[in-house]
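The values are calculated or read from the model by the stated rules, or taken from the named source; none is laboratory data. Fair warning: this is a prediction, and the values are worked out from it, not measured in the lab. Don't worry about glycine lacking a Cβ; one is built from the backbone with ideal geometry, like all the others, and counts go over all protein chains shown.
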Amino acid sequence: MNELTLPKNVPPIYFVLDFKGPGGYIPFGYTKYTLPIIMNEKINDINDDMFVGKYASIQAPYEFNKHRTAEFSNYIVEHTKNTKFVVTSEIKNNIKKYAIYLVVLESLNVNNMFEYYTDDKFILEDFFSPNLLQLIKENENFKIAFIDAGEGAYPHIFKFYKKLYDFLQRNNITSKNKIIVSTNNNFISDVEKLPEFKEFNNQITTYCNNHLLTTAGRFISQLRMHSNESFIERGYEYSIQTEVHTNPRPKYFLMYNRNGERMHRVWFVNQLYKKQLLEKGFVSFFGNENLDKFFNGSKSHPELNIELSDIDDMSKNYKKFNPLIIDSDDPNKITYFHNYLSRRKEYEESYFTIVSETNAESDYCFITEKTLKPIMNLHPFVILGNPKTLNVLKSFGFRTFDKWWDESYDIEIDFLKRGKKLINLVEFLCEKSSDEWKIMLEEMEDTLHHNKKLLHKLATSQYAQKEFFKNILTQTQLI
């Protein structure tokens with residue numbers, strides 16, 4: 001295992017949990033009211049993995065299902081020396097003043113983190129045992145972190161931060177930088193620019209963890225362990241393209257759309273259909289009953305500024321092209337495919353990828369494995385996603401393709417304007433001859449290899465851990 005060794009001046013770092021059952025640690029996210037349900041599960045099933053618990057969603061509060069959480073904390077501890085998990089009962093009478101104690105509440109698979117912890121049913125005190133709450137109140141070297149390493153695709157409501165500050169006030173906690181909030185939203189720190197945020201007296205801080213982006217390169221290493229850099233799982237052969245070739249290709253582009261009910265995808269595929277571009281690419285798309293319900297009952301989609309005329313147009317057209325199939329005609333089977341990996345065939349047989357990101361709203365920027373797949377496969381790409389996604393990639397050192405085409409769509413805030421710029425760009429790229437693409441790919445080769453190497457380096461250099469500890473350690477007086 002590739003482990004990060006922290007500098008010698010960094011004190012021991014303990015990740016504190018309240019309880020440990022026969023089947024392993026019980027991750028935070030329960031309250032004093034739901035703890036008995038989770039504890040009972042741990043006692044009855046001693047084969048439970050660590051960090052698995054039964055949780056309910058806000059929408060269905062009485063339906064408890066098993067979910068794995070604390071994955072970010074577990075990843076950090078597994079890959080970093082001088083860190084470990086402890087439980088409150090082990091440390092309450094032996095607090096080391098030179099150590100750092102982190103109480104990490106992670107997102108649950110069933111809930112939007114901000115929505116869940118902001119819910120009026122909860123007060124934050126209910127998430128901690130009395131002993132742990134006392135330790136948090138009495139010790140400046142106890143920090144609370146709210147981490148969502150899986151999602152960044154939701155509005156970061158100010159009410160959440162206000163609730164955290166009220167918690168600090170109620171418990172007479174005055175130390176600076178007591179709470180750290182981190183998600184995959186690259187716009188998360190914009191909240192700190194708000195005048196109201198200054199009222200929190202530097203007790204709350206934020207940062208974007210970009211966990212998906214900074215750890216995805218490990219799958220390149222995984223494939224290199226297999227012969228021909230491929231492996232078979234559940235009957236599907238996963239592989240990645242390992243070199244740039246310039247021979248003519250049967251299709252111009254590749255576009256995966258697993259979840260066809262996301263409206264930015266429906267809108268864009270409809271544009272491809274109207275411009276007669278679908279036959280020029282490998283495109284997957286599956287409509288479903290939720291999409292039908294939306295078309296039957298909605299007059300607008302305000303998050304994307306999509307109006308009734310657009311909805312009527314999509315409703316009229318989408319059944320003419322649905323379904324679109326690349327590698328499987330079973331939408332249920334596709335949901336079990338590897339998130340980060342696919343097969344190299346379609347990359348080798350097309351010139352570029354249209355990345356169909358998880359969201360395209362304008363008030364956050366969330367980069368997922370969908371953007372990273374073409375990078376792994378030495379494939380040029382354009383992105384149907386949040387604005388400024390290319391800017392974020394460049395900030396990490398990735399090179400994009402503004403030497404060969406116009407990328408101004410990336411800074412267009414309005415979705416419809418951004419989408420129209422992008423569809424015009426795709427049309428332009430599909431008008432290129434094979435000889436023109438051959439020249440471009442030859443010119444791009446260094447860029448494509450650079451991006452793949454960088455993606456791999458971000459994972460193998462422990463970037464995620466370093467960024468986490470940089471944000472934790474700069475918020476403490478201990479070093």
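List of remarks:
- Taking the criterion of being surrounded by 17 or more Cβ atoms within 10 Å (Cβ to Cβ) and either in contact with a helix residue (DSSP H, G or I) (Cβ under 6 Å, 6 or more places away or on another chain) or outside any loop (DSSP other than H, G, I, E, B) (or both), the residues of the stretch 29-39 that qualify are TYR30, LEU35, ILE38.
- The set of residues from the stretch 88-126 being of a type in the set (A, V, I, L, M) and within 22 Å of GLY21 (Cβ to Cβ) comprises ILE91, LEU102, VAL103, VAL104, LEU105, LEU108, VAL110.
- Of the residues making up the stretch 255-272, those that are farther than 22 Å from HIS379 by Cβ and polar (S, T, N, Q) number 1.
Condition check ((1) modelled with pLDDT of 95 or more; (2) surrounded by fewer than 21 Cβ atoms within 10 Å (Cβ to Cβ); (3) on the phi > 0 side of the Ramachandran plot) across all residues:
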site	(1), (2), (3)
TYR161	yes, no, no
GLN169	yes, yes, no
VAL191	no, yes, no
ARG234	no, yes, yes
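- Cβ-Cβ under 6 Å pairs, at least 6 apart or on other chains, the stretch 281-302 side in contact (Cβ under 8 Å) with a residue 40 or more places away in the chain, far side outside any loop (DSSP other than H, G, I, E, B) and surrounded by 14 or more Cβ atoms within 10 Å (Cβ to Cβ): GLY281/PHE253; GLY281/MET255; PHE282/LEU254; PHE282/GLU346; VAL283/MET255; VAL283/LEU324; SER284/LEU324; PHE286/PRO331
- Applying the criterion of at least 1 residues that are modelled with pLDDT of 95 or more and closer than 30 Å to HIS456 by Cα to the helices (runs of 4 or more DSSP H) found wholly in the stretch 254-365 leaves 263-274, 345-348.
- Count of residues meeting criterion [farther than 22 Å from GLN465 by Cβ and buried (at least 20 other Cβ atoms within 10 Å of the Cβ)] in the stretch 1-20: 1
- When residues of the stretch 137-165 are limited to those that are within 22 Å of LEU473 (Cα to Cα) and free of Cβ contacts under 8 Å to residues at least 40 places away in the same chain, the one farthest from the chain's Cα centre (by Cα): GLU138
- Some residue of the stretch 218-232 being farther than 30 Å from GLU445 by Cα, surrounded by fewer than 20 Cβ atoms within 10 Å (Cβ to Cβ) and either without any contact (Cβ under 8 Å) to a residue 40 or more places away in the chain or not aromatic (Phe, Trp, Tyr) (or both): no
- For the stretch 190-218, residues that are out of contact with any Leu (no Cβ under 8 Å at 6 or more places or on another chain), under 24 Å from ALA70 (Cβ atoms) and assigned to a helix (DSSP H, G or I) total 2.
- Total residues in the stretch 113-140, condition buried (at least 20 other Cβ atoms within 10 Å of the Cβ) and either among the basic types (Lys, Arg) or in a loop (DSSP other than H, G, I, E, B) (or both): 1
- Search result, residues across the stretch 78-96 that are closer than 17 Å to ASN9 by Cα and not hydroxyl-bearing (Ser, Thr, Tyr): LYS81, ASN82, LYS96
- The residues of the stretch 253-274 that are among the aliphatic types (A, V, I, L, M) and within 21 Å of the chain's Cα centre (by Cα), listed by number, are MET255, MET263.
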